[in-house]
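Written out below as structure tokens is the structure these notes cover.
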Amino acid sequence: MIDINLLVRAAYADGLKPPPRLLPSEWAENRRHLSPEASAEPGQWRNARAPYLVQPMDALSFYHPAERVVCKFSSQSGKTEIALNMIGFAAELDPGPILVIQPNASPMGEAFSKDRVAPMFRDSPSLRKLIGKPGSRAAQATVMHKKFPGGHITIAGANSPSGLASRPIRYLIGDELDRWEITKEGNPLLLARKRLQTFRVRGNSKELLVSSPTYADVGICAAYDACAQQWERHLVCDGCGKTTFPTMENFTPQAEFVCTHCGHTHPPDVQDRLKLTGVWVKVKDEGERSIGFWMSQWSSPFARWADTLAEWTDAQDPAERQVVTNTVFAMPWEGEGDRADPHALRGRAEHWDADVPAGVEFLTIGADVQGDRIEAEVVGWAMSGESWSIAYEVLPGEPETGDAFAALDDLWRARWSDSEGNLYAPSMLCIDSGAFTKHIYSYVKRCRNPLIIPVKGASGFQRETVSMDRRARMRRTVRRMQSGSPPEILGVDQLKLQVYRSLARPLLPGTACAHFPIDRSEEYYAQLTGERLQVARIGKSRTVQRVWVQHYAHVEALDARVYAFAAALFTDDPIRKRKVPTKRHEPAKPVRTRNQSGGGGFAAGMSEWLL
Ligand SMILES: [Zn+2]
């Protein structure tokens with residue numbers, strides 16, 4: 001139980017004015033007006049419309065001992081209203097400096113100010129007085145900074161931490177935490193928390209973090225897990241009266257809610273009542289300094305169960321399923337293909353009756369260069385992104401002496417036959433130029449072939465897989481004919497993720513799944529799956545990021561596959577059919593470089609499988 005008198009006395013002793021008697025939810029019920037441009041239901045705020053917001057809001061009151069309130073909520077839940085009501089309540093009744101951090105200053109910080117904060121102050125009469133009439137001194141406000149008696153609101157972007165430094169703040173609001181654009185300048189949350197210090201020692205600072213999650217152990221999930229007290233939003237069963245945190249498993253294809261405890265089935269037409277009578281259930285209680293709330297869209301009055309169900313069943317590929325998992329279920333994404341199982345891959349290897357199995361439309365080569373050898377994979381592709389590993393070759397020879405390149409030339413000139421005797425030549429070769437750079441450039445220069453491309457990996461999940469700017473690529477190609485450089489820069493983090501997702505996908509023709517032949521060694525699969533996507537703290541700011549971590553001694557097979565995949569993405573460029581030398585004892589066959597009929601190209605065909 002909180003000793004209110006003790007708190008009030010402490011506040012008086014600190015020279016503060018007596019704290020407000022209203023709770024934030026009561027302030028909202030009495031004073032908050034929803035603006036027509038920001039709400040589907042404009043007019044007076046009603047707690048009865050979203051009763052689950054009351055408890056998180058009131059944890060932000062002076063009388064609640066929580067210093068930090070964490071809301072891990074689905075998108076359609078009104079979670080930003082908690083932040084807005086906190087701002088309105090603080091501005092009118094318990095003023096102090098407020099800092100709001102949005103993922104970026106522009107456009108998100110500006111939009112939050114113009115579309116949410118400004119209309120709230122305009123349409124809520126008690127707040128309107130605080131900011132003053134347009135033209136008055138009090139109205140001297142900018143988009144990112146507004147003053148009111150006893151305090152101010154500053155809106156900053158996580159991408160410009162310099163905007164966070166300076167004076168103390170009493171209220172910190174971190175909105176859409178998992179979408180923050182973190183720069184090398186430092187972790188904005190840690191910087192902002194330092195500014196809370198002055199008020200925290202007096203016991204009246206408040207921090208509010210709201211977001212839908214992305215991955216476990218980062219962002220809002222990490223903040224929620226660290227909370228001393230945790231609450232989940234449950235539905236209460238009509239049959240047995242017990243409570244359930246609703247997940248996909250609790251819903252039938254007809255969008256009926258099935259109780260975990262007694263199996264009682266609730267038809268969709270009782271959902272409004274069930275959501276309004278939902279309860280917060282305490283699942284962890286180790287103190288009150290930090291308090292976390294977790295709610296999914298199943299409990300939200302702003303989305304129908306049938307629509308929520310459809311969002312999941314409509315999600316076709318991992319990227320869409322991740323979005324639904326994060327923003328609808330408010331769950332972290334565990335990943336599909338973030339790691340791959342070498343035994344499962346080897347177990348599903350296939351026998352083909354020709355070099356090139358049915359379904360292959362064109363071939364590419366990816367080459368990884370080592371000190372004493374080049375490892376290269378020939379991969380067959382369909383426009384859908386489906387792939388077949390045609391050959392994997394270890395070509396001995398040192399790049400310094402050029403021996404290895406002779407063997408690579410032979411592989412480039414090799415022809416591969418399908419069961420009908422059609423011959424295939426590789427359309428494109430990507431060779432790693434990250435090491436032995438000079439030697440690779442002189443090899444590429446010697447080739448004088450625009451289809452042989454030096455590539456260099458660059459990290460970062462935001463980076464595009466391959467440059468899709470054709471004109472710039474054409475300019476680089478022309479330069480390469482002269483000098484063998486520059487290389488094409490590959491977004492290897494994203495490429496690896498897509499390769500891994502293809503490895504994880506079931507073997508369904510027409511989807512971006514990966515086929516392997518039965519003669520591939522155990523070592524090959526160990527290398528191909530030799531990295532794992534992990535969450536790690538990076539750099540001085542200890543920023544949490546996803547990184548690929550190598551867990552097997554060699555990963556040449558994975559690198560070769562990544563380069564062959566990049567080569568497939570580059571085949572968007574028009575490629576002339578190349579003739580194959582006709583041998584005397586063999587009838588001439590056309591050489592297929594790629595299927596000319598497939599409109600839109602490989603990248604377009606793949607796009608449905610890509611992030
Ligand atoms: Zn029940």
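Here are the numbers:
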read-out	value
Zero-based 5 Å bins, Cα pair distances in the range 25-182, whole percents	2, 9, 19, 23, 23, 16, 7, 2, 0
The range 436-567: C-alpha pair distances exceeding 19 Å, %	60 percent
Positive-end extreme of charge dipole, the chain - chosen from Gln76, Ala28, Leu130 (charges on Cβ)	Leu130
In the range 194-287, GluC sites (Glu not before Pro) in a DSSP loop with at most 14 other beta-carbon atoms within 10 Å	Glu286
Protection-proxy order for peptides 291-301, 109-119, each taking the mean of Cβ atoms within 10 Å per residue, highest first	291-301, 109-119
Theoretical gain in end-to-end length, Met474 to Glu288 [0.36 nm per residue, Cα-Cα removed]	60.8 nm
Unit charges on C-beta of K, R, D, E only; dipole of the range 322-408, Debye	320 debye
Residue order, fewest to most beta carbons within 10 Å, for Thr327, Thr364, Thr198	Thr198, Thr327, Thr364
P(r) weight above 15 Å for the range 332-426, C-alpha pairs, percent	68 percent
Whole-number D in µm² s⁻¹ for the range 18-94, Kirkwood Cα-pair radius fed into Stokes-Einstein, 10 °C, 1.306 mPa s	124 µm²/s
In the range 255-296, trypsin sites (Lys or Arg not before Pro) in a DSSP loop with at most 13 other beta-carbon atoms within 10 Å	Arg289
The range 200-272 versus the range 338-376: alpha-carbon centroid distance in Å	44 Å
Mean separation of Cα contacts under 8 Å (6+ apart) over length of the chain, as relative contact order %	12 percent
Principal-axis tilt of helix 79-93 within the chain, Cα atoms, nearest 10 degrees	30 degrees
Peptides 36-42, 102-108 ordered by average Cβ neighbours within 10 Å, highest first	102-108, 36-42
Distance histogram for the chain (every C-alpha pair counted, 20 angstrom bins, percent rounded to whole numbers)	17, 40, 28, 13, 1, 0
Cut-off 13 Å between beta-carbons: net charge of the residues surrounding Asp353, Lys and Arg +1, Asp and Glu -1	-4
Surrounding net charge for Ala306, when Lys and Arg each add one and Asp and Glu each subtract one, Cβ distance under 15 Å	-4
Peptides 260-271, 151-162, 78-89 ordered by average Cβ neighbours within 10 Å, highest first	78-89, 151-162, 260-271
Neighbourhood charge, 11 Å Cβ-Cβ cut-off, centred on Arg32 and excluding it, Lys, Arg +1 and Asp, Glu -1	-3
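Since every read-out is calculated from the coordinates, none of them should be taken as a lab result. What you see is a predicted model; the values in this text were computed from it and never measured. For neighbour counting, all protein chains shown are included, and Cβ atoms are generated from backbone atoms with ideal geometry for every residue, glycine included.
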